Amino acid sequence: MKIKIVAVIAAAFVMTSSAALADLWPQNVNGITSMKHVAVSLDGTNVVVHADLADSPLDLVNFGESYTAPANVLDGKAYNDQYGWIFEGFDVPESGDAIWIELESQTAGLETYEGGMRMMKASHTYAPLFGTDGSSNIWRFDRMMTHHWHAAALPGEYSATYNVYVGDEITGVENLAYTSTNVTLTWANVPEPTSVILLAGGAVVALRRRRNKSGATR
Ligand SMILES: [Cu+2]
């Protein structure tokens, strides 16, 4: 009986410690203090945005890690969580309205997953946003600091333009008494040396193809 209890306790300990060991959350790219805030405020009925674009485009980094679900949506991808939506000032939307962020356009291949405060990454939903995986193009910004996870599988330069507006807190339908505004955020997935060689190989193939094409029309 005693042995059985010890075995059960030992098994429980192994399970707990292995679960703790297995938990791996995505990294705060360029360190926890490298936040780039996209500050939204209301000036009367005008929506105003001040974005910290000093270091843009921001690095999309592939750490080659496998993350704990639901963060495993970032596995195999380069990602960045530095941009964070924050709300400033004293004016807030009237009752029944909220601030909404709408994706207007973005580079193909850019993905977004829902984040939150950077140090709270174990509690983020990692839900697809802004058209990722067929998700909605609008996201309600509840005026709490939110750092989303932006990701891309392939090297390249990426940008996304958002319309920041005031709309119904449930439906997101715009309240035209307010004037919306746009902001464009940018990222770069700079390939690792091995990928550069692959890319160079791809460029050579493309040039050859083009030459063959022009040769054929001659
Ligand atoms: Cu922040």
Problem set entry | Heavy-atom SASA rank of Lys36, Lys121 (probe 1.4 Å, accessible area, largest first) | Lys121, Lys36
Exercise. From the Cα gyration tensor of the range 23-212, with a ≥ b ≥ c the square roots of its eigenvalues, which class applies: rounded if a/c is under 1.5, or else prolate if a/b is larger than b/c, or else oblate?
Worked result: prolate
For this session: Give the shape of the range 57-149 as rounded, prolate or oblate, defined through the alpha-carbon gyration tensor: a ≥ b ≥ c are the square roots of its eigenvalues, a/c under 1.5 means rounded, and otherwise the shape is prolate if a/b is larger than b/c and oblate if not.
Result: prolate
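The values are calculated or read from the model by the stated rules, or taken from the named source; none is laboratory data. The structure presented is a predicted model; accordingly, all values stated were derived computationally and were not measured. These area figures cover heavy atoms from the full protein model, side chains too; ligands, DNA and RNA do not enter into them. Shrake-Rupley method; radii C 1.70, N 1.55, O 1.52, S 1.80 Å.
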